[in-house]
Structures are given as structure tokens and as C-alpha cells.
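The values are calculated or read from the model by the stated rules, or taken from the named source; none is laboratory data. No experiment lies behind these values; they were computed from the predicted model shown. Heads up, the Cβs are rebuilt from the backbone with ideal geometry, glycines too, and the neighbour counts pull from every protein chain shown. Calculation scope for accessible area: heavy atoms of the full protein, side chains included, ligands and nucleic acids excluded. Shrake-Rupley method; radii C 1.70, N 1.55, O 1.52, S 1.80 Å.
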Amino acid sequence: MFRLSPTPLNPADLAQALTDERAGACVTFEGWVRSRNDGQSVFALDYEAYPLLAEKEGARIVAEAREKFSVLAAHCVHRTGHLAIGELAVWLGVTAEHRGDAFEACRYLIDEAKARVPIWKKEHYAGGASVWINCATRGDHVHLPGQPA
Amino acid sequence: MKNLTIRYFAILREQRGLTEETLTTTAATPTALYDELQARHHFTLPADRVRAAVNDEFVAATASLRDGDRVVFIPPVAGG
């Protein structure tokens, strides 16, 4: 299951859907909004999604994980909208009979979701500037250290 | 000539100043359409950093556009 959520995520509520007496392992992952990125002090961020295609591509990634690994459940929920520091941006929960598949499937899901799902992140900095992450180009006024000019 | 609907997200939405428009164009492919839009609206992302979707599915940059298609250009993603 992959879905977008415009409202705050509650890990305890989300984990309830994982309960399964066949499962011997449960791996969850939480992606949090952190206060620094590439040396800049982050104030808040916005996630924007292309909902139809994000949910299609997310569902494909979940299906791939289920094919590659022996898992019982694989859930991923991603926030959209305005998030403050410390808020939960993405939650994943995977259950399996054994821990190896649960860990690997969870890693696969988050890595593929970050690389493929059409969701964009705009960081707002303490100084007032804001930047769409991964979209910097030559000549941009806001240049992040560590990225090629 | 064909009529297309174009939806914009994220950096392209901001640079275009709107979320959706309809356009009459001779552009045969997403790449040709992006070149046309980039020239008109000064999008900063080069064509090779933007993916295309037509009718809510990813397509190749060289796919054929048809009358009535709904096109989205996808800037580099940054979920997670």
C-alpha cells in the first residue's frame, strides 16, 4: 500500500494495520524533517506531489518489493503540504516471517520512493530564502554548498 | 496542430505562475513541447533534467503527442 497524506502521520495508528500473527519481524522507518541540510539552517519545508502518478509509481514500488522479498505487508505513507522541523515526512512499515526480508524490503521501498515517486520538496531557510531540492541550476542565486554549480 | 493540456508542479508551477493551461502547438514530442515552453517562460531546468508524463503515465521524451493529451513535466523528484 502506498498513499499520500495531507494531514500529520501518527506512527502508532499506522502500525496497527501491520498486526499479523504470521509475522516474526516488523521493520518501520520514519523520515523526519531535520533542522539542517547541506550546512543551511532549515526552518520548514513543503512537499508537493503529482497525486495520480505518485500513487501509481508508489504502488509499483510496493509491488516490486513484494516480488523481490518475502514480506507479508509493505506500507508507505508520504506527507504533502507544509511541515515543521521534527514532523514525520514519510512512514514505512514492513512485516515478514523473518527479519532479513523485512529490513531489505524496507530499504528498497524508501530508496526507490525517494528516487522515483513524483514528490517535490521545497526547503525554507532561516534567512528567508527557499529552494526546490535537486532543482538547482547554473546561475541560481541560492547556491547550496556541496552541490555542483 | 494539436490541443494539449499542461499541468505544472513545484518549480515549474512557480516559474510558469499557474497550475494548468491549454495550448495549441505543433510540438510532436514532449521534448519539443518542453523546448517551446522553456523558450517562452524561461524555465531554468534544462530538458534533460525533466521527465515527461502523458495522461498520468511516464513516457519517453520522444513519445508522440496526440490531440487532447494531458502533459506534465516532472522536475527532479525529492521525496523522503
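What to note about this one:
- Restricting segment B:35-49 to residues that are within 14 Å of chain A (Cβ to nearest Cβ) and assigned to a helix (DSSP H, G or I), the residue that is nearest to A:Lys122 (Cα to Cα): B:Arg49
- A residue that is touching a residue at least 12 places away in the same chain (Cβ under 8 Å) and assigned to a helix (DSSP H, G or I) occurs nowhere in segment B:52-60.
- Among residues of segment A:1-58, those that are within 14 Å of chain B (Cβ to nearest Cβ) and among the basic types (Lys, Arg), counted: 3
- Residue within segment B:53-68 that is surrounded by 17 or more Cβ atoms within 10 Å (Cβ to Cβ), farther than 29 Å from A:Leu92 by Cβ and out of contact with any helix residue (DSSP H, G or I) (no Cβ under 9 Å at 6 or more places or on another chain) present: no
- Cross-chain or 6+ apart pairs with Cβ under 7 Å, segment A:107-132 first and assigned to a loop (DSSP other than H, G, I, E, B), then open to solvent by 40 Å² or more (accessible area, probe 1.4 Å): A:Ala126/A:Ser41; A:Ala126/A:Phe43; A:Ala129/A:Val142
- On the stretch given as segment B:7-33, residues that are touching a helix residue (DSSP H, G or I) at 6+ places or on another chain (Cβ under 7 Å), within 14 Å of chain A (Cβ to nearest Cβ) and surrounded by 16 or more Cβ atoms within 10 Å (Cβ to Cβ) total 3.
- Residue match in segment A:90-109 (condition: acidic (Asp, Glu) and either modelled with pLDDT under 95 or open to solvent by 70 Å² or more (accessible area, probe 1.4 Å) (or both)): yes
- Out of A:Phe29, A:Phe43, sole residue that is surrounded by fewer than 18 Cβ atoms within 10 Å (Cβ to Cβ), modelled with pLDDT under 95 and in a strand (DSSP E or B): A:Phe43
- A:Thr80 passes every criterion in (1) within 14 Å of chain B (Cβ to nearest Cβ); (2) open to solvent by 40 Å² or more (accessible area, probe 1.4 Å); (3) at pLDDT 95 or above apart from (2).
- Breaking point among (1) closer than 21 Å to A:Arg60 by Cβ; (2) modelled with pLDDT under 95, for B:Val50: (2)
- Of all residues in segment A:110-131 being within 14 Å of chain B (Cβ to nearest Cβ) and open to solvent by less than 20 Å² (accessible area, probe 1.4 Å), the one that is farthest from A:Phe29 (Cα to Cα): A:Val131
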